[in-house]
Amino acid sequence: DAEVMGVATGATVANFASIPTVADVAIKVAGKESIWVPAGAMYPSTTNGCSSLAQVETTALRPDLKVLDFAADADDFAQFSVAFPKSWNEGTITYQPFWTVTAGTNTGTVTWQLGGIAVTNDATINTAFGTLVATTALAHSGTSNDLMVSAESGAVTIAGSPSTDDVCFFQINNDVSASGQTGVVRLLGIKVFFTTDAANDA
């Protein structure tokens, strides 16, 4: 009973001598989660925006890509929003970009940046994003159509004192001053990591 109650109140696996299971399958408990935000769910910023969403064919009847193109010589920006589940602990998040380049033989590095702002009910959306947090620079493989997966970022503090039922707006850009890529960079999407402190959204 104590183990079941512990799971219901958001206890982590570390609280148990062994991982609780149902029919030999581990019970999901509160902790680190992730969501995928594809480029198709993003849009170019009105000011200094990246290119509009495009569909790119690799080879006929092989995967087509929905991408946002970021210039190599200027900081271009895209935005998206997330309404996190109530089980989110309203703490920091991290992110991991997935990308490729238009000039597949270019082995230059790419550095991404992300900042966020949480907006609550009856509050203005017209608020600045929080501090941008960069990923570690990653060099492209030099092979055309290779998928590149940047390392997970450090902690991103979302401005605006996040709370339950907020909408969190985010802005992402290719930081050209920290990148060595001279070709256009294509963003396929990002994985956003967050932490829950409850078993569900009740």
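The values are calculated or read from the model by the stated rules, or taken from the named source; none is laboratory data. Treat the numbers as computed from the prediction; the structure is a model and nothing was measured. Don't worry about glycine lacking a Cβ; one is built from the backbone with ideal geometry, like all the others, and counts go over all protein chains shown. For accessibility, only protein heavy atoms count, side chains too; no ligands or nucleic acids. Shrake-Rupley method; radii C 1.70, N 1.55, O 1.52, S 1.80 Å.
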Extreme residue, farthest from residue 56 (Cα to Cα), among residues of segment 147-183 that are among the charged types (D, E, K, R) and open to solvent by less than 50 Å² (accessible area, probe 1.4 Å): 166
Where a residue in segment 18-43 is on the phi > 0 side of the Ramachandran plot and part of a loop (DSSP other than H, G, I, E, B) and its partner, wherever it lies, is modelled with pLDDT of 95 or more and surrounded by 11 or more Cβ atoms within 10 Å (Cβ to Cβ), with Cβ under 9 Å and at least six apart: 31/195; 31/196; 31/197
Residues satisfying the stated conditions in segment 81-117, i.e. of a type in the set (A, V, I, L, M) and under 25 Å from residue 136 (Cα atoms): 82, 93, 101, 103, 110, 114, 117
Residue in segment 108-121 that is touching a helix residue (DSSP H, G or I) at 6+ places or on another chain (Cβ under 8 Å) and either open to solvent by less than 40 Å² (accessible area, probe 1.4 Å) or among the basic types (Lys, Arg) (or both) present: yes
Selection from segment 149-202 of residues that are aromatic (Phe, Trp, Tyr) and either modelled with pLDDT under 95 or under 16 Å from residue 132 (Cβ atoms) (or both): 169, 170
Inter-residue pairs, beta-carbon under 6 Å, first within 14 Å of residue 41 (Cα to Cα) and in segment 163-188, second open to solvent by 30 Å² or more (accessible area, probe 1.4 Å) and not polar (S, T, N, Q), 6+ apart: 171/77; 171/129; 188/98
Inter-residue pairs, beta-carbon under 6 Å, first free of Cβ contacts under 8 Å to residues at least 40 places away in the same chain and in segment 99-114, second open to solvent by less than 30 Å² (accessible area, probe 1.4 Å), 6+ apart: 105/142; 107/140; 107/142
Boolean, residue 131 is modelled with pLDDT of 95 or more, over 22 Å from residue 53 (Cα atoms) and hydroxyl-bearing (Ser, Thr, Tyr): yes
Count of segment 53-69 residues which are free of Cβ contacts under 8 Å to residues at least 40 places away in the same chain and either more than 26 Å from residue 177 (Cα to Cα) or among the charged types (D, E, K, R) (or both): 8
Qualifying residues in segment 74-105 (those that are of a type outside the set (A, V, I, L, M) and at pLDDT below 95) - the one surrounded by the fewest Cβ atoms within 10 Å (Cβ to Cβ): 105
Among residues of segment 27-73, those that are aliphatic (A, V, I, L, M), under 16 Å from residue 190 (Cα atoms) and open to solvent by 30 Å² or more (accessible area, probe 1.4 Å), counted: 4
Looking only at segment 122-146, and only at residues there that are outside any loop (DSSP other than H, G, I, E, B) and under 16 Å from the mean Cα position of the chain (by Cα), the one that is surrounded by the fewest Cβ atoms within 10 Å (Cβ to Cβ): 134
Test: residue 72 is more than 20 Å from the chain's Cα centre (by Cα), more than 23 Å from residue 167 (Cβ to Cβ) and touching a residue at least 12 places away in the same chain (Cβ under 8 Å): yes
